[in-house]
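Q: The following block contains the structure, expressed as structure tokens.
The values are calculated or read from the model by the stated rules, or taken from the named source; none is laboratory data. Everything quoted here is computed from the prediction, not taken from an experiment. No Cβ is skipped: glycine too gets one built from the backbone with ideal geometry, and neighbour counts run over all protein chains shown. Heavy atoms of the whole protein, side chains included, go into the accessibility calculation; ligands, DNA and RNA do not. Shrake-Rupley method; radii C 1.70, N 1.55, O 1.52, S 1.80 Å.
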Amino acid sequence: MDKLAIENFQEYLKIPTAHPDINYEPCVTFFKKQAEILNLPCLVHYCKPNNPAIIISWVGNEPTLPSILLNSHMDVVPVFEDKWTYKPFDARIDDKGNIYARGAQDMKCVGIQYLEAVRRLKNQGVTLKRTIHISFVPDEEVGGILGMKEFVKTDIFKNLNVGFGLDEGITSSDDIFRVFYGERTIWHFKIHCPGQTGHGSLLLDNTAGEKIRYLMDKFSDFRAQERKKLDENSKLTIGDVTTVNVTTLTGGV
Ligand code: ZN
């Protein structure tokens, strides 16, 4: 049983679903095959072209009751291969049993765990009152604009009749999984600082660099203040403070 779970996990990890321009078709093939093995119906809905949401359903004894949705995303963040000990899509397993691959934690492990849990329950002859839908969605790492955002508007989603859902959380190195019922919201923003250009030998007014410095100071002060809150109170976790990060800076000629 464990062997099968690990093999499935490795096969999933070997699909290179890193942004940008992801080809999800190997995922569709993979999950259709998994559904077939589990003898469960599988539905594929294209939220946007090339962006499929895949739903595997285990119908309960009382299918009119609100269902339970177990969601995970298929996409992973980009990789810089030269920084990796093992190739990011080889899913190498070392002699300690550690598996190395992009998306192993975030969050292909969870998707496979859901499938595996259903497989084991089914094999034990368990039947459930409520229907379980296991969904695999695209585009989450860049905001879900081409994925969940579109999917939730469809009748297909409404007809899933979801009453309760589990989504991404944090990974665990033991058998204890924490369930959260709240999440901070995200706010991505882009600031454009135009300014006076000119020869580098001058001290021109109103330069972009000066504006960026002003903003960086503001961000850094706020960041330091939140960090201080966290450091000074051992009862607080990262979820109790506001995080801010400058992720990309571009500009100049
Ligand atoms: Zn994630």
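Q: What is the pair-distance distribution P(r) of the range 185-253, computed from all Cα-Cα distances in 5 Å bins starting at 0, with each bin given as a whole percent?
A: Here the calculated profile for the range 185-253 is 3, 13, 19, 18, 14, 11, 9, 6, 4, 2, 0.
Q: Collect residues whose amide H, placed 1.01 Å from N in the peptide plane, falls under 5 Å from the amide H of residue 69; neighbours closer than 5 in sequence don't count.
A: 133, 163, 164, 165, 166
Q: With every protein chain in place, what's the accessible area of residue 176 (1.4 Å probe, Å², nearest 10)?
A: Accessible area, nearest 10 Å²: 110 Å².
Q: What's the magnitude of the charge dipole for the chain around its Cα centre, counting Lys and Arg as +1 and Asp and Glu as -1 at the beta-carbon? Answer in Debye, nearest 20.
A: Value, rounded to 20: 400 debye.
Q: Tally up the carbon and sulfur contribution to the accessible surface of the chain as a whole percent, 1.4 Å probe, everything protein left in place.
A: 54
Q: Can you give me the accessible area per residue for the chain, using a 1.4 Å probe, in Å²?
A: Here the per-residue accessible area is 68 Å².
Q: Quick one: how many Å² of residue 19 are accessible to a 1.4 Å probe, rounded to 10?
A: Rounded to the nearest 10, that gives 30 Å².
Q: Just to be sure I understand: of the beta bridges DSSP finds with both ends in the range 1-106, what percent are antiparallel, rounded to 5? Could you put the intermediate results ahead of the total?
A: Working: 8 of 9 bridges.
DSSP beta bridges in the range 1-106 are roughly 90 percent antiparallel.
Q: Sticking with this structure for a sec: Would you mind computing the Rg to Rh ratio of the range 1-106 from its alpha-carbon coordinates, Kirkwood style for Rh?
A: Working: Rg = 15.8 Å, Rh = 15.5 Å.
Here Rg/Rh amounts to 1.01.
Q: Pop the C-beta distance of residue 192 and residue 85 into the FRET formula with R0 = 30 Å and round what comes out to the nearest 0.05.
A: 0.20
Q: Something else now. The range 150-207: which chymotrypsin sites (Phe, Trp or Tyr not before Pro) are DSSP loop and have at most 16 other beta-carbon atoms within 10 angstrom?
A: 177, 180, 181, 187, 189
Q: Counting just the Cα atoms, what span does the range 94-234 cover along each of its three principal axes? Round to the nearest Å and put the largest first.
A: 79, 43, 34
Q: Something else about it: Which stretch or stretches of the range 88-121 have amide N atoms under 12 Å from the point lying 7 Å from residue 23's Cα along the Cα→Cβ direction?
A: Label zone hits: none.
Q: Return the loop-located trypsin sites (Lys or Arg not before Pro) in the range 70-166 (DSSP other than H, G, I, E, B) with at most 11 other Cβ atoms within 10 Å of their own Cβ; answer none if there are none. Numbers along the way, then the final one.
A: Numbers: sites: 83, 92, 96, 102, 108, 119, 120, 122, 129, 130, 149, 153, 158; in loops: 96, 102, 129, 130, 153.
Sparse-neighbourhood loop trypsin sites (Lys or Arg not before Pro): 96, 129, 153.
Q: As an exercise, find the ratio Rg/Rh for the chain from alpha-carbon atoms, using the Kirkwood inverse-distance average for Rh.
A: 1.06
Q: Hey, what did the range 117-253 get for relative contact order, percent, Cα under 8 Å, at least 6 apart?
A: Working: 55 pairs, mean separation 13.5, N = 137.
The normalised contact order for the range 117-253 reaches 10 percent.
Q: Which of the aspartates and glutamates could be linked to residue 87 by a straight reach, that is with a Cα gap under 18 Å, when you skip same-chain ones fewer than 8 residues away?
A: By straight Cα distance, residue 87 reaches 7, 11, 75, 95, 106.
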